[in-house]
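Just below is one structure, and these are the notes that go with it.
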Amino acid sequence: MNKKLYYLLVLCFLATGYAANAQGDLKFEKETHDFGTIAEGVQATYEFQVKNVGNQPVVIANVHPSCGCTTPDWTKDPILPGKTGVIKAVYNSTGRPGPFHKAITVTSNTATPTKTIFIKGEVGPKDLKTSYTPEQKAASPRLAVGTTSYNFGKLEKGQKAVAKFTVKNTGKQDLVIQGVRSACNCVSIKSSEAAIKPGQQGNLELTYIPAMLREQNEVVTVISNDIIMPDLKLTLKANVVETLASKNMLREGSQPVPFR
């Protein structure tokens, strides 16, 4: 065997070995999220963090829940090696009292193409109340917001719009936003932090898809682990029309007033 042919075979062997080992791989921060007990009617929301610990980009092709009560969303762009994406699960507790345990199947181009993650919890009554001691109340996280309303102006029916609110934890424990409840079931929530530390601020994004025409004032209840005020009410305002002559980008609302 001449040297050229020998080196060519070695290079082919190395290239084949590299291709076999080149693979993206997703590592989940957690595979099960427990919402605990939530009031019926809450849109309980959680974002699973996933990191690509492989050496090739990962594409999440599909996320499929085990029932229609769970609405998924996920990072659509390729997740590069070392980078993080999210898989968002929204559980609609309306009309579903009692415990729940739901599976969500994630399909991707990793070596293990399907992965199952879970959400669980228990749906209590709409007017869920719990007694707490003064000590527990004093140690509770506290949800404070600079403004409680957002005006989108003119929106098309069915158009997706996002309202941004700045919130602060003025309590003594980590603040966790657990979900959102609205009469129209047309609002979902996203928090910038899984848990907001005491004294820290975070951002809430409310995604609103109006289904009714004319002036709308949607009262949205944000559910958190603040035991003193577990349900914060925010108002989304919009003039909903059938169509718009020109497509204008939504303006961002004014910043919330400073905290006192």
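The values are calculated or read from the model by the stated rules, or taken from the named source; none is laboratory data. Fair warning: this is a prediction, and the values are worked out from it, not measured in the lab. We place every Cβ from the backbone using ideal geometry, glycine too, and count neighbours over all the protein chains shown.
Quick notes on this structure:
- Number of positions in segment 80-95 that are touching a Ser or Thr at 6+ places or on another chain (Cβ under 6 Å) and surrounded by fewer than 16 Cβ atoms within 10 Å (Cβ to Cβ): 0
One line per residue, one yes/no per condition, for (1) over 17 Å from the mean Cα position of the chain (by Cα); (2) surrounded by fewer than 15 Cβ atoms within 10 Å (Cβ to Cβ):
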| residue | (1), (2) |
| --- | --- |
| Gln23 | yes, yes |
| Lys27 | yes, yes |
| Glu40 | yes, no |
| Gln43 | no, no |
| Phe48 | no, no |
| Lys51 | no, no |
| Asn55 | yes, yes |
| Val58 | yes, no |
| Asn62 | no, yes |
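- Residue match in segment 111-130 (condition: β-branched (Val, Ile, Thr), within 20 Å of the chain's Cα centre (by Cα) and surrounded by fewer than 14 Cβ atoms within 10 Å (Cβ to Cβ)): yes
- Sole exception among (1) touching a residue at least 40 places away in the same chain (Cβ under 8 Å); (2) over 30 Å from Pro198 (Cα atoms); (3) among the β-branched types (Val, Ile, Thr) for Thr114, by number: (1)
- Checked against (1) within 19 Å of the chain's Cα centre (by Cα); (2) in contact (Cβ under 8 Å) with a residue 12 or more places away in the chain, Gly68 passes all but a single condition, namely (2).
- Filter result for Thr170 (modelled with pLDDT of 90 or more and among the polar types (S, T, N, Q)): yes
- Restricting attention to segment 64-79 and to residues that are within 25 Å of Pro125 (Cα to Cα) and not small (Gly, Ala, Ser), the residue that is surrounded by the fewest Cβ atoms within 10 Å (Cβ to Cβ) turns out to be Cys67.
- Residue check, Gly98 modelled with pLDDT under 90, surrounded by fewer than 19 Cβ atoms within 10 Å (Cβ to Cβ) and on the phi > 0 side of the Ramachandran plot: yes
- Listing of strands (runs of 3 or more DSSP E) fully contained in segment 139-249 that carry 2 or more residues being surrounded by 19 or more Cβ atoms within 10 Å (Cβ to Cβ) and under 20 Å from the mean Cα position of the chain (by Cα): 161-169, 177-182, 187-191, 201-208, 214-224, 231-241
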